[in-house]
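The next block holds one structure in the form of structure tokens; read it before the comments.
Read-outs: derived from the displayed coordinates by stated rules, not from any lab. This is a predicted model, so every value here is computed, not measured. Cβ placement follows ideal geometry from the backbone for every residue including glycine, while neighbour counts extend to all protein chains displayed.
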């Protein structure tokens, strides 16, 4: 199930629950899978100095990011026995409460999906050049910092 | 977000992707959530002695199971800072490729959802009186054993 | 006093019933199991646990009424 | 030979552009940064990394063409 070349991980705007459902449904024909693990990153309406974040606007160094996503995929398939793996990240505006990151790993057995999913998410956070601009209700902004 | 009394975790038949999407969508108004982690158990079409499993028929000691699910919920909220948690398990027939277990945990931050989800799934597998009857294509059967 | 017993999964196949009422009243789980092994020899070689009122108990537990259940290994998920 | 540079996130705000071409050709990343700190003093206090052709490099890396990018801390997800 390895891909030979980087594919585009980015989607414009928020990732919808329907998109996730469609992705899950596509796996029902893969009857060697016994366990799926899905991570969803959701934009928080954090309050900073009495102002509330209403959205994050994502930009990326897209070519490098897609290459990094590809490297992470390859490394993950090398480390863990997975049936498949899917990664989607938003670009552009994602409102508070909406989903900006969708990582989906599947395997015959459960132990490996827990380990693999956390690995993939941490690798994305650390190594993929994506930048979040947090927009407040009054249209002022600050740059997101991952912790 | 704790429930005071056990609720019914069981659903009749397979858990559909649309049901999962609806559950995700309901969380978009909870804007303090930053991370969701979802486990899905899917019925595998395992081959045993040249016969393929086509479905699992689940039964449970329902009152005890719902109490156990409730204890697991309480213990998990005690151990981890979660915003919410949902558990659904199938009863009756679930075909190969369909989903029989849906565990959904959410938190402001990601670290805790990984730990909490694995904890909940392992607790369910070990401590909830649910029994799977694996049905082969020729209608013979064997009893599922968790590993 | 009669004793009500529920059987689950594989065990219900061996007993051919999901629930029954025993006429005599064993006073411990051990006594109950002796009765059941005589009635259903196939149970003897099976791995299972006993719950009274939804709590798992050991073989020396006393039976003072309540709902008794024989539970094969759990296989949820 | 001119040097093409891309700026991302916060850095693009400081430079007021996402991409530019420098007339003179610094031969190392250190030389490039000296030029840029002069042109955009605000860059100096910012935390960022440099990539050449999508590979992160250190300050002593040689520049022999390719696409240079200045990347603030990543904040995906």
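Listed values, structure above:
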| read-out | value |
| --- | --- |
| Ranked B:9, A:145, criterion: other C-beta atoms within 10 Å, fewest first | A:145, B:9 |
| Within a Gaussian network of chain A (alpha carbon springs, distance under 10 Å), most fluctuating of A:21, A:96, A:75 | A:21 |
| Crossing angle, helix B:17-26 versus chain B [Cα axis fit, 0-90 degrees, rounded to tens] | 10 degrees |
| Between 0 and 90°, nearest 10: helix D:29-39 axis offset from chain D longest Cα axis | 70 degrees |
| Degrees between helix A:62-79 axis and first principal axis of chain A (Cα, 0 to 90, nearest 10) | 40 degrees |
| Cα convex hull of chain D, projected area averaged across orientations, nm² | 4.9 nm² |
| Chain C, rotation onto D, residue closest to that axis via Cβ, with its distance in Å | C:77, 14 |
| Fewest-first ranking of B:15, B:124, using other Cβ atoms within 10 Å as the exposure measure | B:15, B:124 |
| Calculated label separations, residue A:50, copies of the chain, 7 Å along the beta-carbon direction, nm | 7.9 |
| Nm distances between copies for residue B:11, ranked from closest, using label points 7 Å along Cα→Cβ | 2.0 |
| Coordinate range along principal axes, alpha carbons of the protein assembly as shown, Å, largest first | 100, 53, 34 |
| Exercise: per-residue mean of other protein chain Cβ atoms within 10 Å, A:44-56 | 2 |
| Average beta-carbon neighbours from other chains, 10 Å sphere, peptide A:138-147 | 3 |
| Footprinting exposure proxy for A:120, D:57, D:50 (fewest neighbouring C-beta atoms within 10 Å first) | D:57, D:50, A:120 |
| For residues of A:120-128, the mean tally of beta carbons on other chains within 10 Å | 3 |
| For chain B: relative contact order, % (alpha-carbon pairs under 8 angstrom, 6 or more apart) | 35 percent |
| When the convex hull of its Cα atoms is projected in every direction, mean area for the stretch B:10-143 (nm²) | 8.4 nm² |
| Cα-derived Rg over Rh, computed across the stretch B:8-78 with Rh taken as Kirkwood radius | 1.05 |
| Nearest-first distances (nm) between copies at residue A:62, label 7 Å from Cα via Cβ | 5.3 |
| Whole-angstrom gap from the stretch B:69-127 to the stretch A:45-84, using each part's C-alpha centre | 24 Å |
| Relative packing of peptides A:88-95, D:39-46 - highest average C-beta neighbours within 10 Å first | A:88-95, D:39-46 |
| Mean residue ellipticity (222 nm) of the protein assembly as shown, computed from DSSP H runs ≥ 4 via -39,500 (n - 2.57), nearest 500 | -9000 deg cm²/dmol |
